[in-house]
Amino acid sequence: MSIHLDISGKRFDNVGFGESHIFLNVPNPVLVEKYSLFVWGIDIDIARLNNSTSPSEDFYVSGISKLTFYKPKSVRITIYPYKDKNCIGFLHDQDKRKVKYQKSWSFGDEEPEETNYYIAGVLDFPLGYVEIEISSLDQVMLEMDSNHCIPVKEYTLNPHSYAYDPENPFHR
């Protein structure tokens, strides 16, 4: 079953991307109504997301989720490529500086009511660490399959069973 969550504004802080694998779409400067990207492996603090004082179990999404930003104003992407497929160490240039790729898109002038969002994780291609900054004027929606939601505790005990595997991307 598909779940749709509004994670706009401060609610975005209750979604974690620290263990995520990100599949990037390049923003279309002509079609700026929304910007979506796909993410494997996010964790969600359900109690805080629902403004609840009663404890509830956080969950990890072991599968692809779709993150959509409505009315984006800007997107900035910074990529630090890994030196190998094991994600251990970064590429360096001849001056021993970490290689970094950056790209920015802007869709009109800055507006005072826009909200800034920050995501960091592992980028699928080119394989590397990625930081994504997105400014948006409207809501942010997270769409996921409820069959991919597991307790964070279960993920922590056996991460290799649930984390993204590029050799077998459809293992769930």
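Figures for the structure shown
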| item | result |
| --- | --- |
| Percent accessible area from carbon and sulfur atoms, the chain, protein chains only, probe 1.4 Å | 51 percent |
| Distance (nanometres) between label positions extended 7 Å along Cα→Cβ at Ala120 and Gln94 | 3.1 nm |
| Separation of the Lys103 and Asp6 label points, Cα + 7 Å toward Cβ, nm | 3.2 nm |
| Gain on full stretching of the segment that runs from Asp13 to Asp84 - 0.36 nm per residue minus C-alpha separation | 22.4 nm |
| Residues of the range 71-146: accessible area per residue with a 1.4 Å probe, Å² | 61 Å² |
| Relative contact order %, the chain, counting alpha carbon pairs below 8 Å whose residues are six or more apart | 31 percent |
| Translational diffusion of the chain, µm² s⁻¹ [Kirkwood Rh, Cα pairs; Stokes-Einstein; 20 °C; 1.002 mPa s] | 125 µm²/s |
| Out-of-range pairs (alpha-carbon distance over 27 Å; input Lys34/Lys83; Lys34/Lys98; Lys66/Lys103) | Lys34/Lys83; Lys34/Lys98 |
| Sum of -39500 (n - 2.57) over DSSP H runs of 4+, divided by residues of the chain (222 nm, nearest 500) | -1500 deg cm²/dmol |
| Candidates Pro27, Pro159, Pro81: whichever shows maximal mean-square fluctuation once the chain is modelled as a Gaussian network with Cα springs under 10 Å | Pro159 |
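The values are calculated or read from the model by the stated rules, or taken from the named source; none is laboratory data. The model shown is predicted, which means the values in this text are computed figures rather than measured ones. No Cβ is skipped: glycine too gets one built from the backbone with ideal geometry, and neighbour counts run over all protein chains shown. With ligands, DNA and RNA removed, areas are computed over all heavy atoms of the protein, side chains included. Shrake-Rupley method; radii C 1.70, N 1.55, O 1.52, S 1.80 Å.
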